[in-house]
Amino acid sequence: MTLKTTLLLTLPPLLWAGNAVVGRLMVGSVAPLTLNFLRWVLAALILMPLGWRVLRPGSPLWPRWRSFALLGLLGVGSYNSLQYLALQTSTPLNVTLIAASMPVWMLAVGALLYGERPRLVQLWGAVFSLAGVMLVIARGSWVALMQVRLVPGDLYMIVAVILWALYSWMLARPRDPAPRQWPWAEFLLAQIVFGVGWATLASGGESLLREVRFDWTLPVIGALAYVAIAASLVAYRCWGVGVGLVGPAVAAFFSNLTPVFAAVLSAALLGETPQWFHAAAFALIVGGIVVSSKR
């Protein structure tokens with residue numbers, strides 16, 4: 001665990017917390033599955049000048065299209081669509097708090113599908129991290145914790161977290177390691193292209209079931225640029241490198257920083273100042289990361 005690795009795994013939770021806040025702000029302005037579709041189309045167009053070679057005839061991508069179709073489904077097509085759907089009825093804090101159960105699902109998927117038995121320090125790390133998450137939920141008061149209520153959108157997020165755990169393990173333990181040696185832009189673009197295909201199907205189904213709305217205002221365009229560049233290209237690149245360095249089980253503990261960042265960002269947008277429990281939760285979560293990363 002070096003400073004570089006720590007920064008690589010800390011930046012995505014910050015950007016994804018902003019993604020949750022932006023997704024909530026877009027409710028009523030952009031249909032959720034359409035937002036996900038536009039997000040990844042724009043990300044693909046931005047990445048195309050760097051990674052277009054992977055799409056050429058004869059590229060090593062095409063013999064492996066099934067693996068990349070599955071990666072695109074789990075990481076681009078499903079997780080983000082379900083998150084935007086969840087934000088229709090849930091709050092950014094609720095969504096990111098559910099996502100904070102990631103270490104549990106990472107350890108479970110690793111044990112069930114990859115034979116990776118969790119170490120004692122990882123279990124203790126989960127305790128520290130989840131304690132920090134609970135502190136944010138409670139806002140420093142356990143009475144407030146007892147009043148938290150789940151909504152239908154929370155179920156979408158639970159499914160999304162499980163799929164993300166599968167995605168991360170596929171990145172860290174690929175059956176064919178050769179694509180990991182490709183230039184990063186080509187490796188990511190290969191996932192996004194297939195993900196856009198899945199997102200197109202989801203957006204088309206959405207247009208058949210409900211009225212699809214997109215308000216072409218400056219704030220909406222700015223939000224789309226943020227989710228396409230910062231929360232997609234930058235965050236996925238950092239997460240992929242970080243997972244490759246430390247493995248998904250340790251990386252998952254960094255995802256617990258997302259609700260803390262979401263709470264701070266939400267408070268900032270409302271003109272409120274961060275409270276003492278945000279700092280205390282941050283300390284607990286970082287403690288969980290430090291404990292879980294020890295050998």
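Go through region 216-247 and count every residue that is β-branched (V, I, T) and either outside any helix (DSSP H, G or I) or more than 13 Å from L35 (Cα to Cα) (or both).
The number of residues fulfilling the criteria is 6.
Collect the residues in region 87-137 that are over 20 Å from G287 (Cα atoms), surrounded by 24 or more Cβ atoms within 10 Å (Cβ to Cβ) and of a type in the set (V, I, T), keeping them in residue-number order.
V95 - this is the single residue of region 87-137 that is over 20 Å from G287 (Cα atoms), surrounded by 24 or more Cβ atoms within 10 Å (Cβ to Cβ) and of a type in the set (V, I, T).
Condition check: in contact with a helix residue (DSSP H, G or I) (Cβ under 6 Å, 6 or more places away or on another chain) and either at pLDDT 85 or above or part of a helix (DSSP H, G or I) (or both). Does G58 satisfy that?
no
Which pairs turn up if I take residues in region 1-14 that are free of Cβ contacts under 8 Å to residues at least 24 places away in the same chain and on the phi > 0 side of the Ramachandran plot and look for partners that are among the basic types (K, R) and surrounded by fewer than 19 Cβ atoms within 10 Å (Cβ to Cβ) with beta carbon separation below 8 Å, at least 6 apart in sequence or on another chain?
none
Cβ-Cβ under 7 Å, sequence separation 6+ or interchain: first residue in region 53-72 and within 19 Å of R173 (Cα to Cα), partner crowded, with 18+ Cβ neighbours inside 10 Å and of a type in the set (S, T, Y). Which pairs?
These pairs meet every condition: L71/Y167.
Taking S203 as meeting all but one of (1) in contact with a Ser or Thr (Cβ under 7 Å, 6 or more places away or on another chain); (2) among the polar types (S, T, N, Q); (3) within 23 Å of L7 (Cα to Cα), write down the number of the exception.
Only one criterion in (1) in contact with a Ser or Thr (Cβ under 7 Å, 6 or more places away or on another chain); (2) among the polar types (S, T, N, Q); (3) within 23 Å of L7 (Cα to Cα) is unmet by S203, namely (3).
Okay, residues lined up against (1) within 19 Å of Q88 (Cα to Cα); (2) over 15 Å from the mean Cα position of the chain (by Cα); (3) not aromatic (F, W, Y):
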position	(1), (2), (3)
P183	no, yes, yes
F187	no, yes, no
S203	yes, yes, yes
I229	no, no, yes
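Rundown of residues vs (1) in contact (Cβ under 8 Å) with a residue 12 or more places away in the chain; (2) assigned to a helix (DSSP H, G or I); (3) out of contact with any Pro (no Cβ under 8 Å at 6 or more places or on another chain), yes/no style:
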position	(1), (2), (3)
L82	yes, yes, yes
L85	yes, yes, no
L97	yes, yes, no
V104	yes, yes, yes
L107	yes, yes, no
G110	yes, yes, no
G115	no, no, yes
P118	yes, no, yes
V121	yes, yes, yes
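Of all residues in region 204-244, which are loosely packed, with under 13 Cβ neighbours inside 10 Å, β-branched (V, I, T) and in contact (Cβ under 8 Å) with a residue 24 or more places away in the chain?
The one that is loosely packed, with under 13 Cβ neighbours inside 10 Å, β-branched (V, I, T) and in contact (Cβ under 8 Å) with a residue 24 or more places away in the chain: T217.
What is the number of the single condition among (1) crowded, with 24+ Cβ neighbours inside 10 Å; (2) at positive phi that G247 does not meet?
Status for G247: all satisfied but (1).
Among the residues of region 69-77, are any surrounded by fewer than 24 Cβ atoms within 10 Å (Cβ to Cβ) and farther than 20 Å from A228 by Cβ?
Checked region 69-77: at least one residue is surrounded by fewer than 24 Cβ atoms within 10 Å (Cβ to Cβ) and farther than 20 Å from A228 by Cβ.
Can you confirm whether A44 is of a type in the set (A, V, I, L, M, F, W, C), in contact (Cβ under 8 Å) with a residue 12 or more places away in the chain and touching a strand residue (DSSP E or B) at 6+ places or on another chain (Cβ under 8 Å)?
Judged against the criteria, A44 is not a match.
Please determine, by comparing only the residues of region 1-36 that are within 22 Å of L97 (Cα to Cα) and not in a helix (DSSP H, G or I), which one is modelled with the highest pLDDT.
M26
Just to be sure, is A44 assigned to a helix (DSSP H, G or I) and within 25 Å of A262 (Cβ to Cβ)?
Considered against the rule, which asks whether it is assigned to a helix (DSSP H, G or I) and within 25 Å of A262 (Cβ to Cβ), A44 comes out as no.
So, of the residues in region 158-181 that are within 20 Å of the chain's Cα centre (by Cα) and part of a loop (DSSP other than H, G, I, E, B), which turns out to be farthest from S59 (Cα to Cα)?
Step by step, filter region 158-181, then rank; the result is R173.
The values are calculated or read from the model by the stated rules, or taken from the named source; none is laboratory data. Computed from a predicted model, the values in this text were never measured in an experiment. Note that each Cβ is placed from the backbone with ideal geometry, even for glycine, and that neighbours are counted across all protein chains shown.
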